[in-house]
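The next block holds one structure in the form of structure tokens; read it before the comments.
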Amino acid sequence: MVETLHSDILEIIIQQLAEDIGDDKRINKEGLSACSLTCRAFLHLCRAHLFSEIVFARFGAGIGDNSHALLQNPSLAAHCQSLVLHLDPRLETGDMAEVLLQLKRLRSFTLCGHPLHGWNTFGPRMQGIPRNDGLPANLLSSCRNLEYLYLDSFGTIFTSASCLADLGPPPRLLFLSVRSLDPTVTSLLDIKRSETVPIIDISHLRRLNVKQCDTNKDCKILEKIILVVRKLECLDFGVSPPATFRNLARMLDFKSLTTLRSMQLRCSVEDEMQDLFSGLIEELEEMIRQNNTCLETLVLHLTIGFRAKSRFNDREWKRLDDVLGNPSAFPSLHSLYLKIDVRRDINGARRKDQQGKFFGMKTRQLTQLSSRQSRKFNFKFAVRIR
């Protein structure tokens, strides 16, 4: 009787079964597993859901029986659309090489791991994939549908031209998130399939997330990436000393990068002498002079060390208020969120006292922003004592 039903109807039935637990972020694995055993017609449809998201990790939540089944039957990787892989020498890898080479439908790939646990820690069983100390580049080459790439801290990517021969169009990324702009990222962006074709295409990125730029060299690499991207909509990155936001206005050439609408910027101050906003205010002023003011949403996240806890009286807050509190400066800006994390000193200063000082600063020095609150402009201010 099942064979007489139209394939579209079968897909709807399995889709409803997969969502039966009422949580969009999880699937009904028990129900799908049982259904897959009833008949051959249901087997392939159930597998498409059961193996759509795979997590390989030694410890942590989300590790299911599907990852073990995948190692026993690597052909099931053809159903995988989202893969999270933790580099850990204690991880049971089985026939991981064959699994990774089957990821033709992969749309989202997350690679995590301690820097000491490079790709080589998987041992001789991974010899089916060309590698050095990091991610094998031809893994990404085979993922034609890859759109979301998350790279955590690990070793250096290495490959040779012979590994990349006879490949089709490169994956076109829409979202790239990296912990830092270390050699792993730069080597990935520098690898070519041929003289002109990159290993991955980042020119159509919509979102770029760089958790931390630690040096001015990192900022130059970020600028190099943005020069390639012409349709960026959201930029999220942070700096820590000695890196600053210097040249941010030049980096974000709004005359050619007209799609950028949202930015989330993070910085930290550790002492009384350091620039409170790491040069950001000067860059915002430069954007205004260049009429580069198409931003709609801006999030500023400032971490203040316990040696700089008196900076709530700093004149830089007033400068920030003058720049962003003026409606004509950034006319398209409709949402501003200022988040402040204050680290308590070793003597454990009273949380309420410190929090009160920074909240009081909102009414004393951020007067224009506070008074600008309306249906067309939303200003949020949050202080957290850690």
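Inclusion of residue 378 among residues that are under 26 Å from residue 259 (Cβ atoms) and either modelled with pLDDT of 90 or more or crowded, with 18+ Cβ neighbours inside 10 Å (or both) is warranted.
From the residues in the range 322-346 that are farther than 17 Å from residue 359 by Cβ and hydroxyl-bearing (Ser, Thr, Tyr), which one is least open to solvent (accessible area, probe 1.4 Å)? Ranking the qualifying residues of the range 322-346, first place goes to 335. Inside the range 189-232, residues that are exposed (fewer than 15 other Cβ atoms within 10 Å of the Cβ), among the polar types (S, T, N, Q) and farther than 25 Å from residue 143 by Cα make up a count of 1. Can you tell me which residue in the range 233-247 is most open to solvent (accessible area, probe 1.4 Å), limited to those that are under 15 Å from residue 202 (Cβ atoms) and touching a Ser or Thr at 6+ places or on another chain (Cβ under 6 Å)? It comes out as 233. Every condition in (1) under 23 Å from residue 182 (Cα atoms); (2) part of a helix (DSSP H, G or I); (3) open to solvent by 60 Å² or more (accessible area, probe 1.4 Å) holds for residue 282 except the one numbered (1). Does residue 352 satisfy the criteria of being surrounded by fewer than 17 Cβ atoms within 10 Å (Cβ to Cβ) and either at pLDDT 90 or above or outside any loop (DSSP other than H, G, I, E, B) (or both)? Here the answer is yes, as residue 352 does meet what is asked.
The values are calculated or read from the model by the stated rules, or taken from the named source; none is laboratory data. As the structure is a computational prediction, the values presented were derived from the model and not from experiment. Don't worry about glycine lacking a Cβ; one is built from the backbone with ideal geometry, like all the others, and counts go over all protein chains shown. The protein model used for the area step is the full one, side chains on, heavy atoms only, and it has no ligands, DNA or RNA in it. Shrake-Rupley method; radii C 1.70, N 1.55, O 1.52, S 1.80 Å.
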